[in-house]
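Working notes for the structure below.
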Amino acid sequence: MSSLPDTFDPYDDATQPAMNIEHYAETWVRVPKQPLFRRPVTLTEITGPTRLAAKLRPGDNDLAHPYPDKPRAMGQLITVSGRVQDEDGRPVRGTVIELWHANCNGRYIHPMDANNPNPLDPHFVGSGRVTTDDEGRYEFLTIKPGAYPYPNHPTRWWRPPHIHMSIFGDGFMSRLVTQMFFPGDPLNDVDLILQSVPDPAARARMVARQIPMAEMPVLNVMGFEHDIVVRGHRQTPFGQ
């Protein structure tokens with residue numbers, strides 16, 4: 001029997017973001033300065049902890065109406081849905097997906113964003129979590145995030161609207177963290193993170209597809225479809 005690393009084709013570095021991005025200071029402090037030390041992967045790292053869905057309590061798929069007795073979050077209502085699959089198109093069932101993003105004003109609910117002058121939204125929770133079904137599908141209801149300026153850039157580089165996504169495997173050591181971008185946004189073409197992926201086809205895998213409005217069951221909700229490939233040469237690029 002072949003070992004797990006031989007089961008899937010390795011990804012090409014050209015399909016992934018640069019480790020260090022000029023004018024994006026966080027990438028320079030998050031990347032190790034010394035060569036990585038490889039240690040044997042034991043059964044604990046490969047298989048545990050098991051049953052993450054039970055431990056992480058999925059079910060928070062509505063970021064727009066978190067409080068039934070209060071108004072919904074401000075901004076354009078959207079759905080974000082898709083499939084998680086491997087490079088052969090097989091569904092990844094029961095995997096935990098976490099999602100977080102800025103509110104419609106471009107501000108995160110996080111102490112690190114406390115200096116952002118844009119207002120918070122008391123009716124927006126900012127994050128959610130679900131598990132994929134038997135077909136590998138997931139869906140969130142949320143609001144479209146706003147763009148915001150990156151503060152440490154001399155020309156006030158703006159980040160386009162985007163959504164952070166985390167997809168867990170069988171344990172905490174198996175995880176893909178990526179970002180989803182919205183189609184047609186002019187800031188996509190100048191975003192340092194998205195444009196750090198050299199391969200155009202790989203960059204396209206980070207951009208969602210808008211569902212035609214005629215196919216949406218509710219008039220005031222826009223839909224975006226974003227499939228995620230977790231292994232192999234067609235893997236969705238990771239993100240910061």
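Residue 25 versus residue 218, label points 7 Å from Cα toward the beta carbon: distance in nm?
4.0
What is the packing order of peptides 27-36, 111-120, taking the mean over residues of other C-beta atoms within 10 Å and listing the highest first?
By packing density, highest mean first, the sequence is 111-120, 27-36.
For residue 135 and residue 13, what does the FRET efficiency come to when R0 = 51 Å and r is the distance between their Cβ atoms, rounded to the nearest 0.05?
E between residue 135 and residue 13, to the nearest 0.05, is 0.95.
Hand me the trypsin sites (Lys or Arg not before Pro) from the range 59-112 located in a DSSP loop with no more than 15 other Cβ atoms within 10 Å, in residue order please.
Sites meeting the loop and neighbour criteria: 93.
Among the GluC sites (Glu not before Pro) in the range 77-168, which ones are in a DSSP loop with at most 16 other Cβ atoms within 10 Å of the Cβ? Mind listing them?
Within the range 77-168, the qualifying GluC sites (Glu not before Pro) (loop, at most 16 other Cβ atoms within 10 Å) are 87, 135.
We did not get these values from a lab; they are worked out from the coordinates using the rules stated. Please read these numbers as outputs of a predicted model, since none were measured by experiment. Cβ atoms come from the backbone with ideal geometry, glycine included; neighbour counts cover every protein chain shown.
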